[in-house]
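Quick notes on the structure that follows.
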Amino acid sequence: MNLLVIFSILSISYSLIDSYVTESELEEFVKRISPYKADHGRSRVKRKLFGKAFRTKEAIKKAFEEEFQAYDKCLNAREEERKSLENTIRGLLALEGQKVRLGCNLCQRPDQDLTKLEIIDWQRLRPQDSDFEFVSKDDGRVRIDSETRDLIIDPVDVLDAGQYFCINTYYREYEEIYQLDVLFRERLKTTKYEDVESGKDKYLGDFPLVDHNIKAFTAWSEWTECQDCNKKSIKKRVGLCMVTKIQKDQPILPFDLPIMELYPDGVPCRSTVLSKEIASIKRIKNRRSEVTMADCYKACPTTPGYTVVTDESGNITEVLEAGFYSLGSKPKLPPLVIRRVLYEPINKHLILSCPRSKKYKSLIRWQNGTLVLNPLTIKRQTRGRVFLDSINRLHIRRLRMTDTASYNCWSSKVHIATIKVIVTDARNDVKIKEYITYSGLFLTVFSIFLICVCVFCKKKKKTAK
C-alpha cells in the first residue's frame, strides 16, 4: 500500500504542475511513504495537565509518579535502542517547498523545562567534505523551535538534503539522526486513461536490471477528485519512477548503496539518495514518471429542503428554508476571504502560496483578476515565466510592471484568498530617495543661510543704534 502513495514525492517535478494535486494530499502521501513516521514536535514523555481533575495533593502526587514512571520507561527504551544492532538513522522524504520538522523526541524529565535548558543543538554533515557544522538557531528559513528544540526548515530546498544530528550537549551524545531526502524536478509522460483502456497507449512497465540487482518501476497514486461538478471534467493521478533492490539481501553492483536499507519500498529515480553511478544508468536516467488523466462527472451539492425545528415536547416551533437559521442558535459564519497586499521589486522571482489550502481537498485554482490561469498552458503561453508548481504555488519570474494585479486562489467554489501584487521599479525608488535627500540637503543649507542672514541683520541694527 505504501508504494501506491510514493508518487507524492514527485510533487517536486515541473510537470506535477499538470497533475495539479493539492498540497494536503501530497504531504499526507509523504508521511505515509517515509520510512520514519514519528509525531514530531513532542517529547516522548507526555506531561500531565493539572486542572480540575487534580484537586487533592494525593492526585497531584500520583500524577507526578506516573510521569516519572513514563520517564524511566522512555530512558530504558532509548537504552535498548542503543544496544540493539538495528539501524537508528531515520529516513525522511520531503517535497521541495514544504515545511519540514525534525524532532529530537527527548525523554524529558518531568521537573525540567526545555525552554529554560539550552541542552539541545543540531549539526549537519556537510556533503562536500563530510565535516560537521552547527545549524544556525534562526536564519529565517532554518530555525530551532525555542520550546521543543525541533529543527524546522521552511521551505525546504534540494540543497538541504543530507544527514542531520540532534545532539544532547549535556550528555554529549546523539538523540536522533535523520537522513533527509529532497527530490529533483522532472518532466512527466502524460497519458489518457481511456487510451490505455482501449489499447491505444500504455503505461511504463517494470524493468529489471539484473546485472545491478535493481529494478525500475512506477508506483501510482490514487485518483484526485473531479475538477468541476455538474459537467464533464477530469481527474488525475501520478506515477512515480522508483528504484528498488531485486534481491534485498544482496548488494547493488558495481558499487553497493547501504543507505537503500532506510527505504525498503524503494526510492524515487530523481532522489538525492541515489549515487551518481546508479542515477546515470540509461534505463533509470531516461525513464520518465507519468501522469494520467481520465474523464469524470461529479454532481454539485443540492440545495437542502425545509428544516423543521421542534421543542422538547415535539411541537413544531420553526420551519426554516434553505439558507436561514434558527432563532435559537447562532449561525456558523463562512470563513472570510484572506486579503493581502505585497510590494515587490521589478525583476524579482515572486512565489505566491494559497493560504489555508491544506484545509481543502479539491483542486486549487488561480486567477489573475477574473482570468483563470490554466496550469496546462500558462507555462507555454508565457515561455516559462509564469507557472504553477507541485504544491499549487504560483511562480512569476522576472516580475514586470504589468504583473501588478490581484491574484485570487479558489478551492472548488470557495474563494480562499486575494493577494494584491504591486510591482515597484527600484530605479525610480532610488531616484525618489536621491531627490528627497538632495531636497533635504538644500532645505538644510537654505535654512542655515536664512539664520545667518537674520543674525547678521540683527548685529547690523545694534551697531547702527
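The values are calculated or read from the model by the stated rules, or taken from the named source; none is laboratory data. No experiment lies behind these values; they were computed from the predicted model shown. Virtual Cβ from ideal backbone geometry, glycine too; neighbours counted across all protein chains shown. SASA here: full protein model, heavy atoms, side chains in, ligands and nucleic acids out. Shrake-Rupley method; radii C 1.70, N 1.55, O 1.52, S 1.80 Å.
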Answer yes or no as to whether Leu183 is touching a strand residue (DSSP E or B) at 6+ places or on another chain (Cβ under 9 Å), of a type in the set (A, V, I, L, M) and either surrounded by fewer than 19 Cβ atoms within 10 Å (Cβ to Cβ) or free of Cβ contacts under 8 Å to residues at least 24 places away in the same chain (or both). no
Select from region 309-337 the residues that are open to solvent by 60 Å² or more (accessible area, probe 1.4 Å), over 26 Å from Ser411 (Cβ atoms) and in contact with a Phe, Trp or Tyr (Cβ under 8 Å, 6 or more places away or on another chain) and list them in ascending order. Val319, Glu321
Residues that are open to solvent by 40 Å² or more (accessible area, probe 1.4 Å) and under 16 Å from Arg237 (Cα atoms), drawn from region 281-296: Arg288, Met293, Asp295
Would you say Lys189 is open to solvent by 30 Å² or more (accessible area, probe 1.4 Å), closer than 15 Å to Ser289 by Cβ and modelled with pLDDT under 85? yes
If you take the residues of region 298-340 that are closer than 30 Å to Ile234 by Cβ and of a type in the set (Val, Ile, Thr), which of them is modelled with the lowest pLDDT? Thr303
Residue identified as over 30 Å from Lys99 (Cα atoms), basic (Lys, Arg) and either modelled with pLDDT under 85 or not in a helix (DSSP H, G or I) (or both) among Lys361, Lys348, Lys462, Lys420: Lys462
Would you point out which residue out of Glu133, Glu86 is at pLDDT 70 or above and open to solvent by 30 Å² or more (accessible area, probe 1.4 Å)? Glu133
Scan region 169-180 for residues that are in a strand (DSSP E or B), over 14 Å from Leu92 (Cβ atoms) and touching a residue at least 12 places away in the same chain (Cβ under 8 Å) and jot them down. Glu175
Residue by residue through region 226-247, note down the ones that are in contact with a Ser or Thr (Cβ under 9 Å, 6 or more places away or on another chain) and closer than 27 Å to Gly266 by Cα. Lys235, Lys236, Arg237, Val238, Gly239, Leu240, Cys241, Met242, Val243
Only unsatisfied item for Cys166, checking (1) over 19 Å from Glu81 (Cα atoms); (2) part of a strand (DSSP E or B); (3) hydrophobic (A, V, I, L, M, F, W, C), is (1)
Strands (runs of 3 or more DSSP E) contained in region 187-304 and holding at least 2 residues in contact (Cβ under 8 Å) with a residue 40 or more places away in the chain and within 30 Å of the chain's Cα centre (by Cα): 188-192, 214-220, 233-245, 289-296
Conditions (1) closer than 22 Å to Gly91 by Cβ; (2) in contact (Cβ under 8 Å) with a residue 24 or more places away in the chain; number of the one not met by Leu159: (2)
Taking Thr303 as meeting all but one of (1) hydroxyl-bearing (Ser, Thr, Tyr); (2) open to solvent by less than 40 Å² (accessible area, probe 1.4 Å); (3) over 25 Å from Thr218 (Cβ atoms), write down the number of the exception. (2)
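Results for (1) among the β-branched types (Val, Ile, Thr); (2) out of contact with any Phe, Trp or Tyr (no Cβ under 9 Å at 6 or more places or on another chain); (3) open to solvent by 60 Å² or more (accessible area, probe 1.4 Å); (4) at negative phi, shown as yes or no for each residue.
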site	(1), (2), (3), (4)
Ile144	yes, no, no, yes
Thr148	yes, yes, no, yes
Ile152	yes, yes, no, yes
Pro155	no, yes, no, yes
Glu197	no, yes, yes, yes
Lys215	no, no, yes, yes
